[in-house]
Amino acid sequence: MKKEKQTSYTLKEATAKLMKFCAYQDRCHKEVESKLREMNMIPEARQEIIYQLIQENFLNEERFAKSYARGKFNIKKWGKIRIIRELKLRNISRFNIESAIREIPENEYLSTFHALAEKKWNNTNENSTIKKKKKVADYLFYRGWESNLVYEKLNELEE
């Protein structure tokens, strides 16, 4: 049986490694905690490192939530429902989630939604209007757009 190489880190080495990890892109506490577990750090060391990362502003949950929300909206064209759900999965506080959602300008949000819905509608090859509406609706719901927006838009596109 092959033995896996066990790497151990000093507190200083682990802290330096996590600083790089957090500097590369914003991270949430859950990702940092997971990384520290992978590195086999004891709970006291994990707490110490996380405390230091917060003190030196490498780890900032509000900044993470805001950049996550902006990125997923701008790049992946996700709606608020999906962004909120994903932030909750990362144990982000309700206050930080609300703050992150406010980062998305309402006019930009709606124009992105309309453009996305129209593009999907035009690119969906389906003879039956009902099937076409279902495909477009499923696509928009998967991306986390609100049902009232989706249904209003589908009724508008159908005409």
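Fully extending the segment from Glu106 to Ser34, taken as 0.36 nm per residue of separation minus the present Cα-Cα distance, adds 22.5 nm. For the chain, the convex hull spanned by the alpha carbon atoms encloses 162 Å³ per residue. Taking 22 Å as the limit for the C-alpha separation, the pairs Lys76/Lys119; Lys66/Lys88; Lys72/Lys120; Lys17/Lys77; Lys66/Lys135; Lys35/Lys80 exceed it in the case of Lys17/Lys77; Lys66/Lys135; Lys35/Lys80.
Based on alpha-carbon atoms, the Kirkwood radius and the radius of gyration of segment 68-121 give Rg/Rh equal to 1.00.
Between Lys135 and Glu44, the contour length at 0.36 nm per residue exceeds the alpha carbon distance by 27.7 nm. As a calculated quantity, the FRET efficiency between Lys12 and Ser93 at R0 = 30 Å, using C-beta atoms, amounts to about 0.50. Per q in 0.18 1/Å, what log10 I(q)/I(0) does a Debye calculation on the alpha-carbon atoms of segment 106-158 return? The Debye formula, applied to the Cα set alone, gives -0.50. With the gyration tensor restricted to C-alpha atoms of segment 11-55, the semi-axes of the equivalent ellipsoid amount to 14, 11, 10 Å, longest first.
The phi torsions of segment 14-20, fed into the Karplus equation with coefficients 6.51, -1.76 and 1.60 and a -60° offset, translate into couplings of 5, 4, 4, 4, 6, 5, 5 Hz, rounded to whole numbers, with Gly and Pro shown as x.
Using alpha carbons only, how many angstrom separate the centre of segment 82-105 from the centre of segment 1-62? Cα centroid to Cα centroid, the span is 23 Å.
Read-outs: derived from the displayed coordinates by stated rules, not from any lab. Quantities reported herein were computed from a predicted structural model and do not represent experimental measurements. Every residue, glycine among them, receives a Cβ derived from its backbone with ideal geometry; neighbour counts consider all protein chains shown.
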